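Everything below concerns the one structure shown next.
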Amino acid sequence: MHGTQTIGKNGHLYIGGSDAVRLAEKFGTPLYVYDTALIKQKIRLFQEAFSRHSALNWQIAYASKAFSTLAMIQLAGDFGLSLDVVSGGELYTALKAGFPPERIHFHGNNKSADELARALDAKIGTVIVDNFSELSMLEQMCAARGQKIEILLRITPGVEAHTHEFIMTGHDDTKFGFNLDNGMAERAVFLALHSEHLILKGLHCHIGSQIFETEGFIRAIRALFSHMNEWEHHMHFRMKVLNVGGGFGIKYTSKDHPLPIGRFIDVIADTIEDECARHSLCIPEVWIEPGRSIVGEAGTTLYTLGSSKTIPGIREFISIDGGMTDNIRPALYQANYEAICANRADEPAEKKVTIAGKCCETGDVLIKDAFVPESCKMGDILAVFCTGAYGYSMASHYNRLPNPAVVFVEDGEASIVVRRETYEDLIRNDVPLRTFSSRQ
Ligand code: PLP
């Protein structure tokens, strides 16, 4: 269990002081429940870790792709975070939430002219330029408007890290960024420095997701710094900002042992300080972009258990009233989750079952080996932990399932922050070929 989760005297799971079974009754299922005290705690951990490095200026940009709603963006803004957006839609949400535009960083490998125009109209703080087409499009747009904008260049440092592995990739085979090893990055720095309207503040890199070790960050930072002397001396490029991305690993299941957030920040800060000392360079402002490590563990999805199927000697399936539509991660990349029966949270969970979604896909299995009490039955509430990142934000309407509601809970109060979609919402933008009457 995570954050403020407890088991009440009635044997029910409580989140943020609210009885999960009552939440399911009141708001229906599937339901995304966010423990906002835990989100705030995670933000503070990042901030405290940076504060210990007094020589450093820093910014924490919440990667809103992990979970973007008006309420979440407001929370991030209230806590002094910056914001990473990746599309016109995420930008629109941020602006509608009243997020300060100067703290918005705009990412993406294929930003359209319309998206860039919206970013320029809103006077956002930074565009993280991903490729040469964007570099020239942004320059032309700024020239036409007589506007200047601060940019970072997204660099592909040839380091990839996921969970316990980091890989030095020789060929840098990714759609993102300017590759460091083949001269693309150097050319991009040159072009940006010679632009009249783009103000090159620094560099960005993001090495992967669900990272459990620090080596990948060290390698990526060193790889970038290995070019800095040359770029500073030959091109007069001074890196004022270095953004090292997100990807800090979290505890999805009891098998995950993530590093404390402070450990990542210490290693990143120390490596940057060491590299600056080694190359006699000024220390840049350090930016990071955590997504899942801020919201992942704070999210729990509540489902109602439905039908079951026992295949003797093979397995017992229990189906839920959601699935890959509200959490695509198990089907997409075999992500693992743990769950408990929220109305029997105090009973021993010894029966092994497979939790299946209700979508018409064999691969719609949420948890292959889940443990539930023997007494578990249809109508019970299942709580799947750690669904706060890339669940709601990756939700789909497959099989025309409406998207669930989202509630924030804290100190026994529950507030709805996204209403449940209705069937009417599902067809809102459909245009019928002709009316029934004219077909008859
Ligand atoms: N920054 C960039 C550029 C990303 O692509 C991502 C995730 O894909 C993130 C930050 C956030 O990663 P995470 O949610 O794993 O912290």
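Quick grid of which residues meet (1) over 19 Å from residue 24 (Cα atoms); (2) over 21 Å from the mean Cα position of the chain (by Cα):
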{"residue": "303", "(1), (2)": "no, yes"}
{"residue": "323", "(1), (2)": "no, no"}
{"residue": "348", "(1), (2)": "yes, yes"}
{"residue": "352", "(1), (2)": "yes, yes"}
{"residue": "375", "(1), (2)": "yes, yes"}
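Confirm whether residue 14 is under 23 Å from residue 201 (Cβ atoms), touching a helix residue (DSSP H, G or I) at 6+ places or on another chain (Cβ under 9 Å), among the aromatic types (Phe, Trp, Tyr) and not in a helix (DSSP H, G or I).
Values: under 23 Å from residue 201 (Cβ atoms): no; touching a helix residue (DSSP H, G or I) at 6+ places or on another chain (Cβ under 9 Å): yes; among the aromatic types (Phe, Trp, Tyr): yes; not in a helix (DSSP H, G or I): yes.
Criteria not met by residue 14.
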key: Output for region 268-295, where each listed residue is assigned to a loop (DSSP other than H, G, I, E, B) and away from the ligand (no atom under 16 Å from the Cβ)   = 279, 280, 281, 282, 283, 284
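I'm trying to understand the selection: among the residues of region 296-319, which are in a strand (DSSP E or B), of a type in the set (Val, Ile, Thr) and farther than 25 Å from residue 4 by Cα?
Let us first name the residues in region 296-319 that are in a strand (DSSP E or B), namely 299-311, 315-319.
In the following step, the residues that additionally are of a type in the set (Val, Ile, Thr) were identified as 300-301, 304, 310-311, 318.
Of everything in region 296-319, those that are in a strand (DSSP E or B), of a type in the set (Val, Ile, Thr) and farther than 25 Å from residue 4 by Cα turn out to be 310, 311, 318.
Look at residue 166 and say whether it is within 16 Å of the ligand (Cβ to nearest atom), more than 18 Å from residue 275 (Cα to Cα) and part of a strand (DSSP E or B). Steps first, please.
On the way: within 16 Å of the ligand (Cβ to nearest atom): yes; more than 18 Å from residue 275 (Cα to Cα): yes; part of a strand (DSSP E or B): yes.
Spelling it out, residue 166 is indeed within 16 Å of the ligand (Cβ to nearest atom), more than 18 Å from residue 275 (Cα to Cα) and part of a strand (DSSP E or B).
Filter region 178-211 down to residues that are in contact (Cβ under 8 Å) with a residue 60 or more places away in the chain, of a type outside the set (Ser, Thr, Tyr) and in a loop (DSSP other than H, G, I, E, B), then give me how many there are. Quick ask: steps written out before the conclusion?
We begin by selecting, within region 178-211, every residue in contact (Cβ under 8 Å) with a residue 60 or more places away in the chain; these are 192, 195, 198, 201-202, 204, 206, 209-210.
Restricting the remaining residues to those that are of a type outside the set (Ser, Thr, Tyr) gives 192, 198, 201-202, 204, 206, 210.
So of that shortlist, the ones also in a loop (DSSP other than H, G, I, E, B) come out as 206.
Count: 1.
Suppose the filter is open to solvent by 10 Å² or more (accessible area, probe 1.4 Å), touching a strand residue (DSSP E or B) at 6+ places or on another chain (Cβ under 6 Å), within 16 Å of the ligand (Cβ to nearest atom) and closer than 22 Å to residue 286 by Cβ; does residue 154 pass it?
Values: open to solvent by 10 Å² or more (accessible area, probe 1.4 Å): yes; touching a strand residue (DSSP E or B) at 6+ places or on another chain (Cβ under 6 Å): yes; within 16 Å of the ligand (Cβ to nearest atom): yes; closer than 22 Å to residue 286 by Cβ: yes.
For residue 154, the condition - open to solvent by 10 Å² or more (accessible area, probe 1.4 Å), touching a strand residue (DSSP E or B) at 6+ places or on another chain (Cβ under 6 Å), within 16 Å of the ligand (Cβ to nearest atom) and closer than 22 Å to residue 286 by Cβ - is met.
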query = What pairs come up if the first residue lies in region 381-395 and is outside the structural domain of residue 19 (by TED's automatic domain parsing), the second is aromatic (Phe, Trp, Tyr) and within 13 Å of the ligand (Cβ to nearest atom), and their beta carbons are under 6 Å apart, counting only those six or more places apart or on different chains?
reply = none
request  = Report, ordered by the first and then the second residue, all pairs with beta carbons closer than 6 Å, sequence separation of six or more or different chains, a first member in region 55-71 that is away from the ligand (no atom under 16 Å from the Cβ), and a second member that is open to solvent by 10 Å² or more (accessible area, probe 1.4 Å) and among the acidic types (Asp, Glu).
outcome  = 57/285
inquiry  = Checking the condition open to solvent by 10 Å² or more (accessible area, probe 1.4 Å), more than 16 Å from the ligand (Cβ to nearest atom) and among the hydroxyl-bearing types (Ser, Thr, Tyr), which residue from 310, 301 passes?
reply    = 310
query = For the subset of region 82-108 comprising residues that are in a loop (DSSP other than H, G, I, E, B) and over 18 Å from residue 134 (Cα atoms), which member is nearest to the ligand (Cβ to nearest atom)?
reply = 99
message = Restricting to region 187-204, give me the number of residues that are within 16 Å of the ligand (Cβ to nearest atom) and open to solvent by 10 Å² or more (accessible area, probe 1.4 Å).
response = 0
inquiry  = Could you check region 1-14 and list, in sequence order, the residues that are touching a Ser or Thr at 6+ places or on another chain (Cβ under 6 Å) and of a type in the set (Val, Ile, Thr)?
reply    = none
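When the residues of region 120-137 are narrowed to those that are outside any loop (DSSP other than H, G, I, E, B) and away from the ligand (no atom under 16 Å from the Cβ), which ends up most open to solvent (accessible area, probe 1.4 Å)? Show your work before the answer.
Start the filter on region 120-137 by keeping residues that are outside any loop (DSSP other than H, G, I, E, B), which leaves 120-122, 126-129, 132-137.
Then drop every residue that is not away from the ligand (no atom under 16 Å from the Cβ), which leaves 120-122, 132-133, 135-137.
On the way: 120: 2, 121: 99, 122: 24, 132: 70, 133: 83, 135: 10, 136: 59, 137: 57 Å².
Filtering region 120-137 for residues that are outside any loop (DSSP other than H, G, I, E, B) and away from the ligand (no atom under 16 Å from the Cβ), the one most open to solvent (accessible area, probe 1.4 Å) comes out as 121.
In this structure, does residue 27 turn out to be in contact with a strand residue (DSSP E or B) (Cβ under 7 Å, 6 or more places away or on another chain), modelled with pLDDT of 95 or more and either open to solvent by less than 30 Å² (accessible area, probe 1.4 Å) or within 16 Å of the ligand (Cβ to nearest atom) (or both)?
Details: in contact with a strand residue (DSSP E or B) (Cβ under 7 Å, 6 or more places away or on another chain): yes; modelled with pLDDT of 95 or more: yes; either open to solvent by less than 30 Å² (accessible area, probe 1.4 Å) or within 16 Å of the ligand (Cβ to nearest atom) (or both): no.
So residue 27 fails the test.
Would you point out which residue out of 110, 57 is in the same structural domain as residue 240 (by TED's automatic domain parsing), under 30 Å from residue 277 (Cβ atoms) and open to solvent by 50 Å² or more (accessible area, probe 1.4 Å)? Quick ask: steps written out before the conclusion?
Working: 110 fails: under 30 Å from residue 277 (Cβ atoms).
So the residue among 110, 57 that is in the same structural domain as residue 240 (by TED's automatic domain parsing), under 30 Å from residue 277 (Cβ atoms) and open to solvent by 50 Å² or more (accessible area, probe 1.4 Å) is 57.
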ask   = Restricting attention to region 205-226, which residues are more than 16 Å from the ligand (Cβ to nearest atom) and more than 22 Å from residue 109 (Cβ to Cβ)?
value = 215, 218, 219, 222, 225, 226
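Regarding residue 318, is this residue buried (at least 19 other Cβ atoms within 10 Å of the Cβ), of a type outside the set (S, T, N, Q) and within 16 Å of the ligand (Cβ to nearest atom)? First the steps, then the outcome.
Numbers: buried (at least 19 other Cβ atoms within 10 Å of the Cβ): yes; of a type outside the set (S, T, N, Q): yes; within 16 Å of the ligand (Cβ to nearest atom): no.
Spelling it out, it is not the case that residue 318 is buried (at least 19 other Cβ atoms within 10 Å of the Cβ), of a type outside the set (S, T, N, Q) and within 16 Å of the ligand (Cβ to nearest atom).
The values are calculated or read from the model by the stated rules, or taken from the named source; none is laboratory data. What you are looking at is a predicted structure, and each value in this text was computed from that prediction instead of being measured. Glycine also receives a Cβ, built like all others from the backbone with ideal geometry; neighbour counts cover every protein chain displayed. The area values use the complete protein model at the heavy-atom level, side chains included, leaving out ligands, DNA and RNA. Shrake-Rupley method; radii C 1.70, N 1.55, O 1.52, S 1.80 Å.
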